[in-house]
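In what follows, a single structure is set out as structure tokens and then discussed.
The values are calculated or read from the model by the stated rules, or taken from the named source; none is laboratory data. From a predicted model like this one, the values you see are computed outputs, not experimental measurements. Positions of Cβ are backbone-derived with ideal geometry, glycine not excepted, and every protein chain shown enters the neighbour counts. With ligands, DNA and RNA removed, areas are computed over all heavy atoms of the protein, side chains included. Shrake-Rupley method; radii C 1.70, N 1.55, O 1.52, S 1.80 Å.
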Amino acid sequence: MSKIAVVTGGTRGIGEGISLALREMGCTVVANYAGNDEKAKAFSERTGIKTAKFDVGDHDAVTQGCSQIAGDVGPIDIVVNNAGITRDGVLHKMTWDDWNEVMRINLGGCFNMAKATFPGMRERKWGRIVNIGSVNGQAGQYGQVNYAAAKSGIHGFTKALAQEGAKYGVTVNAIAPGYIDTDMVAAVPEPVLEKIIAKIPVGRLGHADEIARGVAFCCSEDATFVTGSTLSINGGQHMY
Ligand code: CAA
């Protein structure tokens, strides 16, 4: 499949797995990142995948970044909105900034990327947008009102945009990962994480490539009739 794909937060964690899986499918992949130049450079050297630095929460930066990518490698056919952060804390300790940054990046990033790329997909009558939600957007999670709200918003965003893209050959789907062995999950305090893993029927954390395979399916020609759906990949933690 020779398509141009952009994966936000695509140089680390789940995003790295997704970048590799799409490249494996034959796509030309550009992996976006926001801050960690060192990891992005190492990723690019290791994989040969190009990177593009911009903050997905910054509307103008996304417009500029996507038009640069389109100029460099061609019109963007596939977007995977994977970039996300956590600012966990119970509500009574959470600051406005903790709330706002998570909404700006995790949910605002999906809007910004779609705004920059969906019109072109619609005109060309082919496109794939895959948004990375979360089990915690489906089930809620203690200490994550910001993250759960943003991820839950992603699931609604997906279903709404899927309706707009359907007759133009643009599918919009979400993946809802459970707890995956990334830096983000490693930051959860050990005793809390142990209790969470104890509630995962499969009995372990997931791996980035297990999410990436779901994304690859949603982007493939096999998934032409799949739109507005959410694929839960969570080891049975939440059956939704
Ligand atoms: N349900 C009910 N009560 C809970 C609870 C839970 N799940 N977790 C903690 N509590 C209770 C504790 O028992 C404690 O009660 P007492 O005061 O009566 O003893 C109280 O809440 C305070 O708990 P903490 O000491 O943990 O409070 P804290 O302020 O130090 O930390 C926290 C709170 C930051 C939310 C911490 O519990 C935490 O990090 N939790 C993990 C949150 C999480 O799962 N994040 C996921 C990150 S990965 C990700 O998001 C990726 C993805 O998509 C899945």
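Listed by position, the helices (runs of 4 or more DSSP H) enclosed by the stretch 133-240 that each have at least 2 residues that are charged (D, E, K, R) are 145-165, 190-198, 208-219. Could you say whether any residue in the stretch 130-150 is open to solvent by 10 Å² or more (accessible area, probe 1.4 Å) and more than 11 Å from the ligand (Cβ to nearest atom)? Looking through the stretch 130-150, at least one residue is open to solvent by 10 Å² or more (accessible area, probe 1.4 Å) and more than 11 Å from the ligand (Cβ to nearest atom). The condition of being surrounded by fewer than 21 Cβ atoms within 10 Å (Cβ to Cβ) and of a type outside the set (Val, Ile, Thr) holds for LYS159. Residues that are near the ligand (Cβ under 10 Å from one of its atoms) and open to solvent by 70 Å² or more (accessible area, probe 1.4 Å) were ranked within the stretch 185-198; the one that is farthest from GLY153 (Cα to Cα) is PRO191.
Taking the stretch 199-222 as the range and being touching a residue at least 60 places away in the same chain (Cβ under 8 Å) and open to solvent by less than 40 Å² (accessible area, probe 1.4 Å) as the test, the residues that pass are ALA208, ILE211, ALA212, VAL215, ALA216, CYS218, CYS219, SER220.
Working only within the stretch 38-83, note down all residues that are open to solvent by 30 Å² or more (accessible area, probe 1.4 Å) and small (Gly, Ala, Ser).
Scanning the stretch 38-83 gives ALA42, SER44, GLY48, SER67, ALA70, GLY71.
Could you please let me know if THR227 is open to solvent by 40 Å² or more (accessible area, probe 1.4 Å) and either more than 9 Å from the ligand (Cβ to nearest atom) or touching a residue at least 60 places away in the same chain (Cβ under 8 Å) (or both)? Yes.
Matching residues to (1) closer than 17 Å to VAL215 by Cβ; (2) basic (Lys, Arg); (3) in a loop (DSSP other than H, G, I, E, B); (4) touching a residue at least 24 places away in the same chain (Cβ under 8 Å):
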residue	(1), (2), (3), (4)
MET1	yes, no, yes, yes
GLU16	yes, no, no, yes
LEU22	yes, no, no, yes
GLY26	yes, no, yes, yes
VAL30	yes, no, no, yes
VAL56	yes, no, yes, yes
VAL62	no, no, no, yes
GLY71	no, no, no, no
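Filtering the stretch 73-116 to residues that are within 14 Å of the ligand (Cβ to nearest atom), of a type in the set (Asp, Glu) and not in a helix (DSSP H, G or I) leaves only ASP88.
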